[in-house]
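So the structure is just underneath, and the comments pick up after that.
Values quoted throughout were computed directly from the atomic coordinates according to the rules given, and no laboratory measurement underlies them. Predicted, not measured: the structure shown is a model, and the values here were computed from it. Methodologically, a virtual Cβ is constructed for each residue, glycine included, from the backbone with ideal geometry; neighbour enumeration extends over all protein chains shown.
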Amino acid sequence: MRGRDRHAAVPARSQRRLHHLTDSSPTITPASTCASGQALVRPGFPMHFDFILAVSDFSANSSHVLERAALLARKHQTALRLIHFTEHPTSFLVDPIARLAQRARQLARRHEIAVHALERSASLKEVLAEAGATGLLVMGPLSNRSWKRFFHGTTLDQAVHGSVCPILVVRQPPGNPYARVLVAVDLSPRSGALIDFASRFAAPTVLKLFHAIDTIDDARLRSVRATSEAIQAHRVGSRLQARDRLAQLVGHLDGTPIASMSQSLTFDVGNGEPAQTTAKHLQATRAELVVVGKRRSSSLARFLAGSVAQRLARWAESDVLIAPLDRMPCPVASEHCS
């Protein structure tokens, strides 16, 4: 679905800024080449989205969504599109499209950006199609679960699973740019690319890496009746190994744009179910944004537990940025990027 746009009035100064993006400005890989494994952002280049698509259902939270999306559109110097979506088809709003167009005009004046309101309401499938592979989708933690698609999870679960572009889930009022950012890393070959993505997206003053060691190994040791001392020794060894790998990862970032963009770069390790442990660590560190990668999962795995990204998007109290790992660049020497 490519709905017609209602163009909001854009101040002349904003138009000049948007129209003077040079050819050297990087772009996200088009949808036609996404399947080939092209990177979201070329290493060493500033981040640029073709556009930002913000989802509105006129709830109190969707007001936060639109404001955050506008701040990001100004920061990344890209156009903002607004689309109307509701989780409750029976709800009735008097001319929601006109209301959305009015909101677009307000955002355009306040933030001096280009804002377009799409002229029709959309289903989730249409929202994802509109976002495509080259945009950034900004939405709230939509928690409705319809009976027709009950086994597919909540609306948010379906969006995270179905989107091929990054998704920002907004929960908090957007008073300021993100200053404290937590990156949930799994120590896979694409972890460095995810950190790079997070740094370029927010340019925070504090960037912290966090790795959660799944306690499934503890359960396996208990199943073979290992002693508590052996389990504890395994846990300590796992933490030391993870900290060493994180230290190596941070060392590889020295001399890169990340090192200069972030005033503080630290890391930590925890034990427990990854999404739950990361959510708790997020609360303790008071980070305003957590960035997590998303892997492709089967329908069965999604039904049984959902992905770490889906669970973290549900449980985190801060905003959550979910990036598809299969579109992240992978080190040439690595053999484990599938």
statement: Length gained if residue 50 through residue 222 is fully extended, taking 0.36 nm per residue and subtracting the Cα-Cα distance, is 56.9 nm
- prompt: Once both labels are modelled 7 Å past Cα along the beta-carbon direction, what's the residue 230-residue 247 spacing in nm?
  reply: 2.9 nm
task: Along Cα→Cβ, 7 Å out, is where each label goes; now give me the distance between the ones at residue 315 and residue 58 in nm to one decimal.
output: 3.6 nm
field: Two-site label geometry, residue 264 and residue 240: point separation in nm, points 7 Å out along Cα→Cβ
entry: 2.9 nm
- prompt: Roughly speaking, what is the stretch gain from residue 119 to residue 296, that is 0.36 nm per residue apart minus the C-alpha to C-alpha distance, in nm to one decimal?
  reply: 60.5 nm
